[in-house]
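So the structure is just underneath, and the comments pick up after that.
The values are calculated or read from the model by the stated rules, or taken from the named source; none is laboratory data. Source: prediction; values computed, not measured. Cβ sites come from the backbone with ideal geometry, for glycine too, and all protein chains shown count toward neighbours. Protein only, heavy atoms only, side chains kept; ligands, DNA and RNA dropped before computing areas. Shrake-Rupley method; radii C 1.70, N 1.55, O 1.52, S 1.80 Å.
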Amino acid sequence: MLHHLWKYTYNTSKALPLEQITRWGLHNTTVVRNASTPELYEIAAMDPLSPDPETRQGSISSTGAMVAYSGRRTGRSPKDKRIVFDEVTEQEIWWGDVNIPIPKKSHNLLEQIALQFLNTRPRLFVVDGYAGWDPHSRLRIRVFCTRAYHALFMQNMLIIPTTEELKRDFSDDVDFHIFNAGPMSAPKLVQGVGSETCVSVNLTDKKMVIMGTQYAGEMKKGVFGVTHYMLPKQGILTLHSSANEGMNGDVTLLFGLSGTGKTTLSADPKRKLIGDDEHGWSDQGIFNIEGGCYAKCVDLSQEKEPEIFNAVKFGAVLENVEFINKESRVVDYHNISITENTRVSYPLDFIPGAKNPAVGSHPKNIFFLTCDAYGVLPPVSLLTPEQAMYHFISGYTAKVAGTEMGVKEPVATFSACFGEAFLPLHPTVYATMLAAKMKEHGTKCWLINTGWSGGKYGIGKRMSLKNTRAIIDAIHSGELANAEFENFEVFNLQIPKRATGVPDQILHPKNTWINKSEFDRTLQNLGEKFKKNFQKYQSKASQEVINAGPKI
């Protein structure tokens, strides 16, 4: 990773072209552009002008990572995200609970207030970077922020340009601007603002304003939402997935909501990591959208996740963690007194074997990972293109008892395209593109249950990681593509009768249940949940996709 330090005031020869700042009404005379990692550490740790001491900015962990705190907001605020409603977006955006409209005049007012705030700060950080490793489609992103931790975070998460690229692609205008005024609360009296937090996105003017939250993930996912809007217009499918590559160059995409094992299964020592979270699928193949990773830290250990554990070093940013004690600066990863959503951001090349550049061929296999706490879905099944669209739109997993107050039974959870919160367009747009690309490139799609077997949560047991890895190995070797299959009732899935290293009896989940009639009832019940959820999307889905769902 190359970093470039351009610290200047407007009367210096190293200044970003003046019009690139003043055109937005910015006139802060202390600007740090694309700072080196050491300088950002120094500013965060020792500068008396660091903002808001209550955020406890500036610690360094025993392994050399920057430790930062995001204040009251320790996670994303999806209910406070807004998209400007105008003559362009009116007909394009999937309006509703995910994409809440805000008048353009309200966004402009928020932007004006945010810029005034940025002008009052002791210094203004500017980060330039690309979203997307594909040079044909990457977006040029410029971030304005007031915290060194935010600047380092975005230098990790974006793809840092070389000196030549910086001069060529960032000396003029860019594709999207982010104005992060997170330390300042949003004015609630502005029409469309629901709380002191507001993330307002103007897709037509290509600007984003962040107020009332210092959680760095809002910038990361904000960029992802922008790519979900802009790249499909170029024929590029954007995907909330991880990706890895085998020794023969075969690429696999892994989709899955929290708790499904996506991170664990994508970190395969026999395969190169392309990326852990966000990808695009173009006419050239797969590419990572990000330059880094943003991993959960709760209960992190060297034994369970050595790659992530060892990535927590100089250049990484730890967010909202506590130390075992202040003297040692050793992080207590089990301490969730600030939040359960403790995180670490680090460049992709901190992971051994990560691919650079982070691009690959068209995927040979796609995995939809689900943690079925009802214990009725097969450990592996092969999907038709129509079933792939159906299950992609559904994005199913299940919460287990005890995760929320009052939850005593498994709870089905659906998130369209395995990332509903980030979709500006209707889910069927992405599903249609997925099916077309699968057909064009002969990609196979597999539904893999990493959840329960032998009964629902509390009765059965979690599918063993050993068996799941054996199933994935059998897919990658080509064995399962040529296996003998049988039909799985209700969902009409094709399940293999055998897989090397996997007990035959677990491949059909009914075999693992003692009470067969209870299995049938539970399977029917889950099928009904799928059908009820899909009602939200079927007005724009083809009859073939609707028919690919469960038959009750």
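I'm checking my understanding of the structure. Among residues of region 440-475 that are at negative phi and among the small types (Gly, Ala, Ser), which one is most open to solvent (accessible area, probe 1.4 Å)?
Let us first name the residues in region 440-475 that are at negative phi, namely 440-441, 443-453, 456-457, 459-475.
Imposing the further condition that a residue be among the small types (Gly, Ala, Ser) reduces the set to 451, 453, 460, 464, 470, 474.
Numbers: GLY451: 0, SER453: 25, GLY460: 17, SER464: 48, ALA470: 18, ALA474: 4 Å².
Step by step, filter region 440-475, then rank; the result is SER464.
Looking at the structure I just gave you, is GLN112 open to solvent by 20 Å² or more (accessible area, probe 1.4 Å) and either at pLDDT 85 or above or assigned to a strand (DSSP E or B) (or both)? Yes: the conditions hold for GLN112.
I need a count of the residues in region 97-109 that are open to solvent by 40 Å² or more (accessible area, probe 1.4 Å) and closer than 17 Å to PRO424 by Cβ. Show your work before the answer.
First pass over region 97-109, keeping only residues open to solvent by 40 Å² or more (accessible area, probe 1.4 Å): 97, 100-101, 104-105, 108-109.
Still in the list and also closer than 17 Å to PRO424 by Cβ: 97, 100-101, 104.
The qualifying residues number 4.
Among the residues of region 376-386, the ones that are open to solvent by 10 Å² or more (accessible area, probe 1.4 Å) and closer than 13 Å to PRO550 by Cα come to 2 in all.
I need the full set of residues from region 231-283 which are among the β-branched types (Val, Ile, Thr), modelled with pLDDT under 95 and buried (at least 24 other Cβ atoms within 10 Å of the Cβ), in order please.
THR260
Residues that are open to solvent by 40 Å² or more (accessible area, probe 1.4 Å), touching a Pro at 6+ places or on another chain (Cβ under 6 Å), of a type in the set (Phe, Trp, Tyr) and in the same structural domain as PRO385 (by the TED database): does region 476-490 have at least one? Checked region 476-490: at least one residue is open to solvent by 40 Å² or more (accessible area, probe 1.4 Å), touching a Pro at 6+ places or on another chain (Cβ under 6 Å), of a type in the set (Phe, Trp, Tyr) and in the same structural domain as PRO385 (by the TED database).
Each row is one residue, and each column tells you yes or no for (1) under 17 Å from SER137 (Cα atoms); (2) touching a residue at least 24 places away in the same chain (Cβ under 8 Å); (3) not acidic (Asp, Glu).
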site	(1), (2), (3)
MET208	no, yes, yes
LEU231	yes, yes, yes
GLN234	yes, yes, yes
ASN248	no, no, yes
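The set of residues in region 422-438 that are outside any loop (DSSP other than H, G, I, E, B) and under 13 Å from TYR229 (Cα atoms) comprises PHE422, PRO427, VAL429, TYR430. For region 7-46, a residue qualifies if it is at pLDDT below 65, of a type in the set (D, E, K, R) and part of a loop (DSSP other than H, G, I, E, B), and exactly one does: LYS14. Might you let me know whether region 344-358 holds any residue that is farther than 19 Å from ILE60 by Cα, outside the structural domain of HIS441 (by the TED database), without any contact (Cβ under 8 Å) to a residue 60 or more places away in the chain and part of a loop (DSSP other than H, G, I, E, B)? Within region 344-358, one or more residues are farther than 19 Å from ILE60 by Cα, outside the structural domain of HIS441 (by the TED database), without any contact (Cβ under 8 Å) to a residue 60 or more places away in the chain and part of a loop (DSSP other than H, G, I, E, B).
Taken over region 386-418, the residue count meeting the criterion of being modelled with pLDDT under 95 and of a type outside the set (S, T, N, Q) is 14. Quick check: anything in region 85-97 among the charged types (D, E, K, R), out of contact with any Cys (no Cβ under 8 Å at 6 or more places or on another chain), within 30 Å of VAL312 (Cα to Cα) and in contact (Cβ under 8 Å) with a residue 12 or more places away in the chain? There is no residue in region 85-97 that is among the charged types (D, E, K, R), out of contact with any Cys (no Cβ under 8 Å at 6 or more places or on another chain), within 30 Å of VAL312 (Cα to Cα) and in contact (Cβ under 8 Å) with a residue 12 or more places away in the chain. Entry remark, region 295-330: residues being open to solvent by 20 Å² or more (accessible area, probe 1.4 Å) and within 24 Å of LYS355 (Cβ to Cβ) number 10 in total.
Taking each residue of region 256-267 that is in contact (Cβ under 8 Å) with a residue 40 or more places away in the chain and looking for partners that are open to solvent by 40 Å² or more (accessible area, probe 1.4 Å) with beta-carbon atoms closer than 6 Å, six or more apart or interchain, yields ALA267/GLU307. Determine the pairs where a residue that is more than 17 Å from ILE338 (Cα to Cα) and assigned to a loop (DSSP other than H, G, I, E, B), located within region 57-79, has a partner that is β-branched (Val, Ile, Thr) and open to solvent by 30 Å² or more (accessible area, probe 1.4 Å) with Cβ atoms under 6 Å apart, the partner being 6 or more residues away or on another chain. Listed by first residue and then by second, the contacts come to SER62/VAL330. Here is a check on your reading of the model: is THR413 part of a strand (DSSP E or B), surrounded by fewer than 23 Cβ atoms within 10 Å (Cβ to Cβ) and within 18 Å of the chain's Cα centre (by Cα)? It is true that THR413 is part of a strand (DSSP E or B), surrounded by fewer than 23 Cβ atoms within 10 Å (Cβ to Cβ) and within 18 Å of the chain's Cα centre (by Cα). Examine region 402-409 for a residue that is outside the structural domain of ASN202 (by the TED database), over 17 Å from PHE530 (Cα atoms), in contact with a strand residue (DSSP E or B) (Cβ under 7 Å, 6 or more places away or on another chain) and surrounded by fewer than 23 Cβ atoms within 10 Å (Cβ to Cβ), and state whether such a residue exists. Yes, some residue in region 402-409 is outside the structural domain of ASN202 (by the TED database), over 17 Å from PHE530 (Cα atoms), in contact with a strand residue (DSSP E or B) (Cβ under 7 Å, 6 or more places away or on another chain) and surrounded by fewer than 23 Cβ atoms within 10 Å (Cβ to Cβ). Over 17 Å from GLY261 (Cα atoms), out of contact with any strand residue (DSSP E or B) (no Cβ under 6 Å at 6 or more places or on another chain), not aliphatic (A, V, I, L, M) and not assigned by the TED database to the domain that holds SER137: does that describe ASN310? Criteria met by ASN310.
Filtering region 152-211 to residues that are assigned to a loop (DSSP other than H, G, I, E, B), closer than 24 Å to TYR294 by Cα and open to solvent by 10 Å² or more (accessible area, probe 1.4 Å) leaves ILE160, THR162, ASP175, PRO183.
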